[in-house]
Amino acid sequence: MNKPKILVARAIFPEIIARLQQHFEVEANQADETWSRAQLIERLRGKVGAFTTGTDRIDAEVLAACPDLKICANMAVGYNNFDVEAMTARGVLATNAPDVLTETTADFGFALLMATARRITESEHFLRAGQWNKWRYDMFSGSDVHGATLGILGMGRIGQGIARRGAHGFGMKVIYHNRSRLDAVTELECKARFVSKEELLNTADHLVLVLPYSPASHHAIGAAELALMKPSATLINIARGGIVDDAALAQALRERRIGGAGLDVFEGEPRVHPDLLTVPNVVLTPHIASATVPTRLAMATLAADNLIDYLTQNKPLTPLNPAVLAIK
Ligand code: GLV
């Protein structure tokens, strides 16, 4: 019997391709070519499943052109590259890759916070450029992390991981704002206090963004919000590009209206706002918060298992629109 056909849109671990090949006829992109939308659509035609990453946009246009598609499995916890409503309307299942990356991503959020607060990359550039010829008492003085007030905007699993690190590891006072308040037990575990967004902005010494991107969170941090922050505060974005207005942030950094920023995600990435590249008080990384080998392998395995379990048994592990299962 012919195996169902699937597309793996980006390069991935060879063992994941091999695992998928046990069940499917797989068209892969191990050369990691950058496809236009037309090329993505052309390759998706006739496929019942797609293994996608956050760079592959699946919307009404793609779905209309690919009527055989039954499932798109994203190798990411975020899924703003999916138009879930359009997928549900077409009976296409969407899955993401939650949980397996929580602790790794929280580690990275904390690493970015530490690097930003203590000016690690800025001072390394100085040293590498051969500019270090004597010690000075105020050279690259940063801000303290231990004992400081840690603000978290978006208190899902990753936000909670960052809160635990801050509260238990660094003795930080943790405040958070979220669409809904956590239950009392989780608040106690994270030693976190719910505050308004305004209080979060003007009280945090270090503010970490971990909220999902949606039209409602577009530019959740813009010029007005930056103006509420302490001039010494650091801002860390490990959530999604577009949540911060990068132009407004670059200006605030240049004018030293906030102390520094650590950014793993950018509006329109992989392009980076040119002004962010020229301000010194920012740490920049190329969307790598979940990038450890075991975690990336776990994310890829979960995406592959969603394809296998749905297409062979109708039992996906982490469905985003389970309504599709009922109408199948
Ligand atoms: C990465 O950004 C993810 O959403 O997993």
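Computed from the coordinates by the stated procedures, all read-outs in this text should not be read as laboratory data. Everything quoted here is computed from the prediction, not taken from an experiment. Glycine gets a Cβ as well: all are built from the backbone with ideal geometry, and neighbour counts include every protein chain shown.
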Practice item. Would you mind computing, in nm to one decimal, how far apart the modelled labels at Trp132 and Glu15 are, each placed 7 Å from Cα along Cα→Cβ? Key: 3.9 nm
Study note, to complete from the structure: With +1 at each Lys and Arg Cβ and -1 at each Asp and Glu Cβ, the charge dipole magnitude of the range 102-284 around its Cα centre, to the nearest 20 debye, comes out at 320 debye
Practice item. Translational diffusion coefficient, Stokes-Einstein: compute it for the chain using the Kirkwood radius over C-alpha pairs as Rh, at 20 °C and 1.002 mPa s, and state it as an integer in µm² s⁻¹. Key: 101 µm²/s
Study note, to complete from the structure: In debye to the nearest 20, the charge dipole size for the range 184-323, taken about the Cα centre with +1 at each Lys and Arg Cβ and -1 at each Asp and Glu Cβ, equals 120 debye
Revision key, fill the gap. Going from the fewest other Cβ atoms within 10 Å to the most, one would list Ser143, Ser214 as Ser214, Ser143
Practice item. Show the residues, 5+ positions off or on another chain, whose built amide H is closer than 5 Å to the amide H of Ala97. Key: Ala76, Val77
Exercise for review: Search the structure for amide H atoms under 5 Å from the amide H of Tyr176, placed 1.01 Å from N in the peptide plane, and list their residues when 5 or more places away or on another chain.
Suggested key: Ile152, Arg193, Phe194, Val195
Check your understanding: Of Asn202, Ile58, Ala223, whose Cα points farthest to the positive end of the dipole of the chain (charges on the beta-carbon: +1 Lys, Arg; -1 Asp, Glu; origin at the Cα centre)?
Key -> Asn202
Practice item. Please build a GNM for the chain, connecting alpha carbons under 10 Å apart, and tell me which residue among Ala167, Ala248, Ala224 fluctuates the most. Key: Ala224
Exercise for review: Report, in cubic angstrom per residue, the convex hull volume of the C-alpha atoms of the range 102-284.
Suggested key: 115 Å³
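Could you list the chymotrypsin sites (Phe, Trp or Tyr not before Pro) in the range 106-184 that lie in coil according to DSSP, counting only those with at most 16 other Cβ atoms within 10 Å of their Cβ?
Trp132, Trp135, Tyr137, Phe140
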Point to revise | Paramagnetic label zone (point 7 Å from Cα along Cα-to-C-beta, Ser232; backbone N under 14 Å) in the range 244-287 | key: 258-260
Practice item. Calculate how many DSSP beta bridges within the chain are antiparallel, expressed in % of all such bridges and rounded to the nearest 5. Key: 5 percent
Review point. What whole number of Å gives the distance from the Cα centroid of the range 294-328 to the Cα centroid of the range 178-255?
Key: 32 Å
Revision key, fill the gap. Residue separation between Leu317 and Ser180 times 0.36 nm, minus their alpha-carbon distance, gives in nm 46.8 nm
Review point. In the chain, what is the count of Lys pairs whose alpha carbons are under 25 Å apart, counting only pairs at least 8 residues apart or on separate chains?
Key: 19
Study note, to complete from the structure: P(r) over all Cα-Cα pairs of the range 218-296, 10 Å bins from 0 to the longest distance, whole percent per bin, short to long, reads 20, 54, 21, 5, 0
Study note, to complete from the structure: Under the 7 Å Cα-to-Cβ spin-label approximation, Ile41 and Thr292 lie apart by a distance in nanometres of 4.2 nm
Exercise for review: Set the Förster radius R0 to 30 Å, insert the Cβ-Cβ distance between Glu189 and Ser141 as r into 1/(1 + (r/R0)^6), and round the FRET efficiency to 0.05.
Suggested key: 0.35
